[in-house]
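The values are calculated or read from the model by the stated rules, or taken from the named source; none is laboratory data. Bear in mind the structure is a predicted one, so any value in this text is a computation, not a measurement. Neighbour counts are summed over all protein chains in view; Cβ atoms, including those assigned to glycine, are modelled from backbone coordinates with ideal geometry.
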Amino acid sequence: LVPLKRVSDPDNANKIKINGGKVETTGLEWKPNPFDEYAVETALRLTENGAAPKTRLGEVLVVSFGPKEVETTLRAALATGADRAIRVDATDDQLDGDLVARALKALVEREKPDLILIGKQQVEGDSNQVGQLLAEYLGWPQATFAGSIKSEDDKSLLVHREIDGGSMVVRVTLPAVVSVDLRIVAPNSVQSKHSPAHKYADGVRFAALMAIMAAKKKPLVEVKLAELAPDTALKIKVTSYEAPPARKAGVKLKTVAELVNKLKTEARVL
Amino acid sequence: MSQILLVAELADGHVRKSTHSAIAFAKAANLPFSILVLGANASAAGKELEAFGAQKILAAEDASLEHPLAERYAPTIAAVAAAFDIVAITASSFGKDLAPRVAAKLNAGYAPDISGVTNNGGKLSYKRPTYAGNAYAHVEITTPKQVVSVRQSEFLAAEPSGGNTPVENVAVAPADAAAARIAFVSLEAAKSERPDLGEARVIVSGGRALKEKFAEVLDPLAQLLGAAVGASRAACDAGYAPPELQVGQTGRVVAPALYFAIGISGAIQHLAGMKGSKTIVAINKDPEAPIFQVADYGLVQDLFTAVPELIAELKK
Ligand SMILES: Cc1cc2nc3c(=O)[nH]c(=O)nc-3n(C[C@H](O)[C@H](O)[C@H](O)COP(=O)(O)OP(=O)(O)OC[C@H]3O[C@@H](n4cnc5c(N)ncnc54)[C@H](O)[C@@H]3O)c2cc1C
Ligand SMILES: Nc1ncnc2c1ncn2[C@@H]1O[C@H](COP(=O)(O)O)[C@@H](O)[C@H]1O
């Protein structure tokens, strides 16, 4: 199971406007949260069948919380190879990370996946919490910030976690929650004994036109939020947004000597 | 009045300086605080914090806590937190892994990665960056218990304020059942003589432009300045620099006195991690590179000649 969130174009986040304490993303395109695309790619690699490349060794289920339009994001994931999709009907302001995690818990109890692959953070709120919350609610182990995953025997995973100052290697026994970091989509980051012989391209796969057409026929169902989480009270209340202090551009200097002089006498940082 | 429980972060049996930022948070919130230290040698480490004005220093010491696994740490933190209102931890990879698991146990709302706090007559409001640092959200937690993680770059490490809080031992709670399904295998700690990115006064960061010469070009400059080395995502992804050096929205967030961005274009994800630096220097051969929009001083030059020249000039 892979949760999937749409976000306003992260490469243009500097174009958002703050009006009356609210964020306006008008004019920005919706994009899938990059870490979630990486999680889908990871799920596809882990279920790849090297012996029979046209078949898959497991099902990939994608889930998004959002209004009707997030079905575009879900269909895009189906086009790259996910098998089924669920949309939990909700608007962003009805949700916080905790509610998403509680609702996912209920969904997991229904769907009984062996593994939850989740982005380490969604790049609007940068909260980095849903995977860990979900792991606790389920009573499952959590391997956060995975930079690589090796599936040893289909029952346990060897995970390299990217941490401050290095990496920590852990072994998790399924079912488990694994949150993925950027390097998970490097060519050799995901390995299993069923991995195909070819090397993966760096990054995520793109959908072929045929697959986009075929994805329209893949199952996508809607579930009501209240069905999954009877208590829809939020634990976090955003009272307002404010713009960060602007940083003004400085000066371009001609020579290295000039730079050193400025650092010493003007900025006084040397 | 509310009481804060701070969770200390250790490395090699010693308190990491990131913990001092959590203390700075408690002081900014203007609330009394105690510190919980977990580990195989927690009481010895706890002594390092005796002069910071904590009400209590609580040590949960047990061989099972040698490595920070959330499935082992969270139960003890949640048990100790029963007597507190707010749990705070630094938003390092240690804190980000752990804090949500603790919050879920406490049925508490969690405010991640906060950069500010205001205490309005006992009601706390937190400020946190969103949209790659392009909007600060003011948030309140609606539950009786609250959990926060604290941005190290925004809460300057607290200094010892005197006194000597004794270290008391606390009971270690049984690990989660899930602990049986996760095992620590190894720690691959980066071997570097350079200071940690979170603690350095000067950071020398390099981008994709450095290619295989990343270390060869930047290390001498970092050495000379006593600086930490950072990198852009592109440099890390390409393997020019190890992943733990990545600065940015999804890497380390830093705010040194002096930040060099060398051969880095200045994508918004990179800016989100270093815009708070006091003085920014950019060296880039493209005069239109967005990094110049935030740099105090820019050099439009080829880095492969500018950096050696800079080293020579600094040595004068
Ligand atoms: C989900 C997600 C998360 C991300 N998180 C981060 C993050 O945390 N941190 C981060 O840094 N990025 C992050 N990125 C990537 C970011 O969008 C940029 O792609 C990246 O920062 C670019 O790195 P760069 O500046 O080194 O490379 P480039 O953009 O390729 O820039 C290289 C620069 O070097 C200059 N140059 C080339 N040769 C020379 C020379 N000889 N002398 C001087 N200058 C030269 C060029 O003019 C150019 O400006 C993220 C992206 C995504 C999608
Ligand atoms: N509205 C949502 N719909 C689906 N998945 C979500 C949603 N919000 C968060 N997630 C998932 O949780 C991950 C971490 O998000 P966060 O903890 O909010 O930074 C994201 O990468 C998503 O996979």
- Item | Failed condition for A:E59, given (1) away from ligand 1 (no atom under 16 Å from the Cβ); (2) surrounded by fewer than 24 Cβ atoms within 10 Å (Cβ to Cβ); (3) not in a loop (DSSP other than H, G, I, E, B) | (3)
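At least 2 residues that are away from ligand 1 (no atom under 16 Å from the Cβ) and touching a residue at least 40 places away in the same chain (Cβ under 8 Å) in each: list the strands (runs of 3 or more DSSP E) lying fully within segment A:145-194 that qualify.
Where strands (runs of 3 or more DSSP E) fall fully within segment A:145-194 and carry at least 2 residues being away from ligand 1 (no atom under 16 Å from the Cβ) and touching a residue at least 40 places away in the same chain (Cβ under 8 Å), they are A:176-180, A:190-192.
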- Quick check: is even one residue across segment A:209-218 touching a helix residue (DSSP H, G or I) at 6+ places or on another chain (Cβ under 7 Å), farther than 26 Å from B:K96 by Cβ and of a type in the set (V, I, T)? yes
- May I ask you to verify whether A:Q129 is within 7 Å of ligand 2 (Cβ to nearest atom) and within 24 Å of B:V147 (Cβ to Cβ)? yes
- Which members of segment A:170-218 meet the condition of being among the acidic types (D, E) and more than 23 Å from A:L133 (Cα to Cα)? A:D202
- Note on the structure: Of B:A60, B:A45, the only residue that is at pLDDT 95 or above, more than 14 Å from every other protein chain (Cβ to nearest Cβ), crowded, with 20+ Cβ neighbours inside 10 Å and not in a helix (DSSP H, G or I) is B:A60
- Look at B:V229 and say whether it is buried (at least 22 other Cβ atoms within 10 Å of the Cβ), modelled with pLDDT of 95 or more and more than 8 Å from ligand 1 (Cβ to nearest atom). yes
- Tell me, yes or no, whether segment A:141-150 has at least one residue that is among the aromatic types (F, W, Y), facing chain B (nearest Cβ under 7 Å) and farther than 24 Å from A:G203 by Cα. no
- Message: Given (1) in a loop (DSSP other than H, G, I, E, B); (2) at pLDDT 95 or above; (3) surrounded by fewer than 16 Cβ atoms within 10 Å (Cβ to Cβ), identify the lone condition not met by B:K191.
- Response: (2)
- Verdict on A:K5 being of a type in the set (K, R) and in contact with an Asp or Glu (Cβ under 7 Å, 6 or more places away or on another chain): yes
- Query: For B:R208, are the conditions met, namely being away from ligand 2 (no atom under 16 Å from the Cβ), within 12 Å of chain A (Cβ to nearest Cβ) and of a type in the set (D, E, K, R)?
  - Reply: no
- Message: When you check B:E199 against the structure, is it free of Cβ contacts under 8 Å to residues at least 12 places away in the same chain and in contact with a helix residue (DSSP H, G or I) (Cβ under 9 Å, 6 or more places away or on another chain), yes or no?
- Response: no
- Note on the structure: Considering residues that are of a type in the set (K, R) and surrounded by 14 or more Cβ atoms within 10 Å (Cβ to Cβ), the number found within segment A:18-56 is 3
- Could you list all residues from segment B:170-188 that are among the hydrophobic types (A, V, I, L, M, F, W, C) and assigned to a loop (DSSP other than H, G, I, E, B)? B:V170, B:A171, B:V172, B:A173, B:A175
- Collect the residues in segment A:131-140 that are within 16 Å of ligand 1 (Cβ to nearest atom) and either at pLDDT below 95 or over 17 Å from B:K96 (Cα atoms) (or both), keeping them in residue-number order. none
- Of the numbered conditions (1) more than 7 Å from chain B (Cβ to nearest Cβ); (2) within 16 Å of ligand 1 (Cβ to nearest atom); (3) not charged (D, E, K, R), A:N128 fails exactly one; give the number of that condition. (1)
- Message: I'm told A:R102 meets every condition in (1) in contact (Cβ under 8 Å) with a residue 40 or more places away in the chain; (2) within 14 Å of ligand 2 (Cβ to nearest atom); (3) outside any strand (DSSP E or B); (4) away from every other protein chain (no Cβ under 11 Å) except one. Can you identify the failing condition by its number?
- Response: (4)
- Message: Taking the condition of being among the small types (G, A, S), more than 8 Å from every other protein chain (Cβ to nearest Cβ) and not in a strand (DSSP E or B), how many residues in segment B:99-136 meet it?
- Response: 3
- Query: Quick one: how many residues across segment B:140-152 are surrounded by 21 or more Cβ atoms within 10 Å (Cβ to Cβ) and at the interface with another protein chain (Cβ under 7 Å from one of its Cβ atoms)?
  - Reply: 1
- Consider A:I184 against the criteria (1) crowded, with 23+ Cβ neighbours inside 10 Å; (2) in contact with a Leu (Cβ under 8 Å, 6 or more places away or on another chain); (3) farther than 25 Å from B:V102 by Cβ: it satisfies all of them except one. Which criterion is unmet? (2)
- Query: What is the number of the single condition among (1) more than 11 Å from chain A (Cβ to nearest Cβ); (2) among the aromatic types (F, W, Y); (3) in a strand (DSSP E or B) that B:F155 does not meet?
  - Reply: (3)
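In segment A:217-270, which strands (runs of 3 or more DSSP E) lie fully inside it and hold 2 or more residues that are over 18 Å from B:K316 (Cα atoms) and more than 7 Å from every other protein chain (Cβ to nearest Cβ)? Break it down into steps so the answer makes sense when it comes.
Details: elements: A:220-224, A:236-242, A:251-253.
It comes to A:220-224.
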- Item | Filter result (within 14 Å of chain A (Cβ to nearest Cβ), in a helix (DSSP H, G or I) and in contact (Cβ under 8 Å) with a residue 60 or more places away in the chain) within segment B:218-263 | B:L221, B:L224, B:L225
- Note on the structure: The residue from B:A177, B:A111, B:A137 that alone is surrounded by fewer than 16 Cβ atoms within 10 Å (Cβ to Cβ) and either touching a strand residue (DSSP E or B) at 6+ places or on another chain (Cβ under 8 Å) or at pLDDT 95 or above (or both) is B:A177
- Task: Among what's in segment A:1-19 and is part of a helix (DSSP H, G or I) and free of Cβ contacts under 8 Å to residues at least 24 places away in the same chain, pick the residue that is nearest to ligand 1 (Cβ to nearest atom).
- Result: A:D11
- Query: So which residues in segment A:26-42 are within 9 Å of ligand 2 (Cβ to nearest atom) and either away from chain B (no Cβ under 13 Å) or among the acidic types (D, E) (or both), if there are any at all?
  - Reply: A:D36, A:A39
